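Nothing in this text is a laboratory measurement; each read-out follows from the coordinates by a stated rule. What you see is a predicted model; the values in this text were computed from it and never measured. Neighbour counts are summed over all protein chains in view; Cβ atoms, including those assigned to glycine, are modelled from backbone coordinates with ideal geometry.
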Amino acid sequence: MSSIIEKPRFSCALAAQQTVLSIPGAAPIIHAGPGCASKASGFAGVQAGQQGEGYAGRTHVSCTNAGEKEVVFGGEKNLEELVEGALKVVKADLFVILSGCTAGIIGDDSAGVAGRFLRNGDPVVGVDTAGFRGNNYFGHEVVVKAIVDQFVGKVEPSVEKGLVNVFASVPFQDAYWRGDLEYLKNILEKLGLKVNVLFGPASGGVDEWKTIPNAQFNLLVGPWVGLSIVKHLEKKYGTPFLHYQTLPVGAQETSKFLRAVGKFAGLSEDAVEQVVNKEEKRFYDYFISFTDFVAEQRNILPYQLYVVGDSLYSSGVTSYLTNELGFLPQGIYIIDDPSQEREEKIKAAFDESTENVSEIIKFEADGGLITRDIEEKIGSSKKAIIFGSYWENNIAKKTNNYFVNLSLPIATEIITSSSYVGYDGGLRLIEKIYSLAFNRGNLSSRTHVE
């Protein structure tokens, strides 16, 4: 039964316009009612760490602003006129039509409209992203598959050894997606691979999408979002895929990740170990340097862990903080609304990386219920740290506990290239967490001074 939820952590499928905006050289065209594109931009742009509007984003998004006339007489003609105008005014290598609820209800065929332009040589793709069909995790997947099917198309793959397409963060929905993808690209290139990340500043834009069929394999990082994409690519182009379910955060998980990728790619084990050993040495040199602080201040530092976020980041952060920093998980709240079948797989993935946590995992999209559960569990404790959103920050303030931004909405931080992925991400988390002790008034910034 459908119900109203409080403090939602995701948007509707139409917010996949942000997926389009994350592809350099691509521009969205929205076939929906007034305000839909703006609301999606506000949630998955402004409230995602002020990530900016991007090229052809925010107030520059082309939209039909469908109203009563379109509902009565249909809106495809209006859409065609909008696409013709966008092709003249907006400089882009790819245009993606995304239809909203109005178009979905009256049956306008966005893909059909796009096909008419595509047959004339215009790079236009159409996809049904009506909000009632699912959230923006769903929208992200259907947009990617639509671009592959309609724009990349039916081609005979020319497989290039060492080329890998990486699918991980959902752009903008993961506030750290740009830094995540850039780090994954850099660390995989150290193994000798050629890496397509497809989204963000580290990608080659629309031209990179054209090389998708030529990959030796596809790499999916995360429990479930993107799984339909790599399965689709396997069926369409015969490309095998590696599904690595835990986001690699910190040394242990990142080393495990690199070894798994190296084995799947058929790389030399010695070459992979050279990279791992070099990265681990650097990581632990820095890691050891902060242990004096922990030893001296251990009585005031947090050790109870609460994580509120999607399954991708929750898995990586929980694994790292539990296995390498010794935190005790008290509550893990998964907010990306997976199916019941996927819930069991997510729990299994958590158990694989972190022992005895699946029993405290809650799949909950209602922020109000999450708030009440955390407050009840924390009680009078002052030794908790909460990873979550703007709303969990309010809990931390109310209970005088620690807080770190992790999931949307993020309204009190500017995020550009930040990431918690990999060896570097683990070190960044150390800095983030333990610097908070100075903000609590428990520590003085002056030492050995009269």
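Here are a few things to note about the model shown:
- For residue 97, the residues whose amide H sits under 5 Å from its own are 29, 125, 126, 127, ignoring neighbours fewer than 5 places away on the same chain, with H placed 1.01 Å from N.
- Equivalent ellipsoid dimensions for region 297-439 as semi-axes, Å, which come from the Cα gyration tensor, largest first: 21, 18, 16
- Helix-derived mean residue ellipticity, 222 nm - over the chain, DSSP H n ≥ 4, -39500 (n - 2.57), to 500: -13500 deg cm²/dmol
- Within the chain, longest stretch clear of exposed chymotrypsin sites (Phe, Trp or Tyr not before Pro) (DSSP loop, no more than 15 other Cβ within 10 Å): 56-289
- Degrees between helix 311-323 axis and first principal axis of the chain (Cα, 0 to 90, nearest 10): 10 degrees
- Options 389, 321, 434, ranked by Cα towards positive dipole end of region 297-439, top entry (Cβ charges): 434
- For the chain, the longest principal axis of the alpha carbon atoms and the long axis of helix 227-237 meet at an angle near 50°.
- Here the label points at residue 299 and residue 6, each 7 Å from Cα along the C-beta direction, are separated by 3.9 nm in the simple model.
- In straight-distance terms, cross-link reach from residue 281 covers every one of the lysines whose alpha-carbon lies under 24 Å from its own, apart from those fewer than eight places away in the same chain; here that gives 185, 190, 256, 263, 432.
- Farthest positive-ward along the chain dipole, Cα basis, beta-carbon charges - from 166, 418, 74: 418
- Global geometry of region 228-381, whether rounded, prolate or oblate, following the gyration tensor of its Cα atoms and the 1.5 cut on a/c: oblate
- Here the scattering of region 13-152 is modelled by Debye summation over its C-alpha atoms, one equal scatterer each and no solvent; at q = 0.13, 0.18 Å⁻¹ the log10 of I(q)/I(0) is -0.47, -0.94.
- Residues residue 271 and residue 58, FRET efficiency given R0 of 35 Å [Cβ-Cβ distance, rounded to 0.05]: 0.20
- Rounded FRET efficiency, nearest 0.05, which uses the C-beta distance separating residue 161 from residue 432 and R0 of 41 Å: 0.60
- Remark on residue 362: its backbone amide H falls under 5 Å from those of 332, 333, 334, a criterion applied only to residues 5 or more positions apart or on other chains, H modelled at 1.01 Å from N.
- Taking the three principal axes of the alpha carbon atoms in region 160-284, the coordinate ranges are 40, 32, 25 Å, sorted in descending order.
- Distance in nm between pseudo-label sites at residue 284 and residue 133 (7 Å out along the Cβ direction from Cα): 5.0 nm
- Region 369-425 versus region 316-358: alpha-carbon centroid distance in Å: 16 Å
- Rounded to the nearest 20, the size of the Cβ-charge dipole of the chain about its Cα centre is 400 debye, with Lys and Arg at +1 and Asp and Glu at -1.
- 0 to 90° range, to nearest 10: angle between helix 269-289 axis and the chain longest Cα axis: 50 degrees
- Once backbone amide H atoms are built at 1.01 Å from N, residue 404 has 386, 387, 388 as its partners under 5 Å, excluding neighbours fewer than 5 places away on the same chain.
- Long-range Cα-Cα pairs in the chain (distance over 38 Å), rounded percent: 25 percent
- Among 191, 21, 321, the ranking by other beta carbons within 10 Å of each residue's beta carbon, starting with the fewest, stands as 191, 321, 21.
- Computed from point charges on the beta carbon alone (+1 for Lys and Arg, -1 for Asp and Glu), the dipole magnitude for region 1-95 about its Cα centre is near 320 Debye.
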